[in-house]
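Participant: Here's a structure for you.
Here, each number is a calculation from the coordinates, and none is a lab measurement. No experiment lies behind these values; they were computed from the predicted model shown. Counting neighbours? That spans all protein chains shown, and the Cβs are built from the backbone with ideal geometry, glycine included.
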Amino acid sequence: MDFGFGLSPSSAVTLDRVDLSLYRKLEELNPDIRTCIACGSCSATCMAAEYSGMSVRKLILNIQRGADVSKMLSCCMLCGKCTMVCPRGINTRKVILDCCRYFK
Ligand code: SF4
Ligand code: SF4
């Protein structure tokens with residue numbers, strides 16, 4: 001029967017069930033990642049964002065949720081512009097590099 005709408009899976013994140021191994025590793029290597037306020041300055045300045053959907057803000061949020069970020073990582077050119085504008089002084093370029101090393 002068509003009700004005119006469909007049910008989609010819940011987008012709720014159950015932290016007890018997600019794999020936080022990458023986030024824990026990044027936290028160890030870059031303790032300042034915990035200070036990210038998801039302001040989006042890094043994404044706003046990213047040259048790859050418009051064409052590829054690359055976003056450090058989303059990358060960090062997805063890692064905190066245990067989501068797969070390997071596709072997003074491949075869009076980064078490692079230019080370092082995001083690091084220069086981060087108000088929290090997070091070395092986002094190093095965070096990206098550490099993520100890439102984790103997936104090797
Ligand atoms: S600019 Fe820094 S504080 Fe803002 S979202 Fe990006 S990493 Fe987080
Ligand atoms: S280092 Fe990567 S994420 Fe940061 S601004 Fe450059 S292309 Fe974008």
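Participant: What is the dipole size for the range 57-104, taken about its Cα centre, with +1 at each Lys and Arg Cβ and -1 at each Asp and Glu Cβ, in debye to the nearest 20?
Facilitator: 80 debye
Participant: Sticking with this one: Ordered by residue, what ³J(HN,Hα) values in Hz, to whole numbers, does the range 56-70 give under the Karplus form 6.51 cos²θ - 1.76 cosθ + 1.60, where θ = phi - 60° and Gly and Pro are x?
Facilitator: Here the 3J(HN,Hα) series is 5, 4, 5, 4, 5, 4, 5, 5, 5, 9, x, 7, 6, 10, 4 Hz.
Participant: Normalized C-alpha radius of gyration of the chain, against 2.2 N^0.38 Å?
Facilitator: On the way: Rg = 15.6 Å, N = 104, 2.2 N^0.38 = 12.8 Å.
Normalised Rg, Cα atoms only: 1.21.
Participant: Another one. Can you compute 3J(HN,Hα) from phi for each residue in the range 28-41, using the Karplus curve 6.51 cos²θ - 1.76 cosθ + 1.60 with θ = phi - 60°, rounded to whole Hz and x for Gly and Pro?
Facilitator: The phi angles translate into 5, 7, 9, x, 6, 4, 5, 8, 4, 9, 6, 6, x, 4 Hz.
Participant: Straight-line reach from Lys81: which aspartates and glutamates have a Cα under 18 Å away, not including same-chain ones fewer than 8 places off?
Facilitator: Filter leaves Asp32, Glu50, Asp98.
Participant: Using θ = phi - 60° and the Karplus relation 6.51 cos²θ - 1.76 cosθ + 1.60, list the HN-Hα couplings for the range 88-98 in order, rounded to whole Hz, with x at every Gly or Pro.
Facilitator: Per residue, the Karplus-derived 3J(HN,Hα) values read 8, x, 6, 7, 5, 4, 5, 4, 5, 4, 5 Hz.
Participant: Counting other Cβ atoms within 10 Å, which chymotrypsin sites (Phe, Trp or Tyr not before Pro) in the chain have at most 15 and lie in a DSSP loop? Intermediate results must be reported in sequence, preceding the final value.
Facilitator: Working: sites: Phe3, Phe5, Tyr23, Tyr51, Tyr102, Phe103; in loops: Phe3, Phe5.
Hits after loop and neighbour filter: Phe3, Phe5.
Participant: If you take the beta carbon distance between Thr35 and Met84 as r and set R0 to 22 Å, what does 1/(1 + (r/R0)^6) give as a FRET efficiency, to the nearest 0.05? All intermediate terms of the calculation are to be shown ahead of the outcome.
Facilitator: Numbers: r = 17 Å, r/R0 = 0.76.
After rounding to 0.05, the efficiency reads 0.85.
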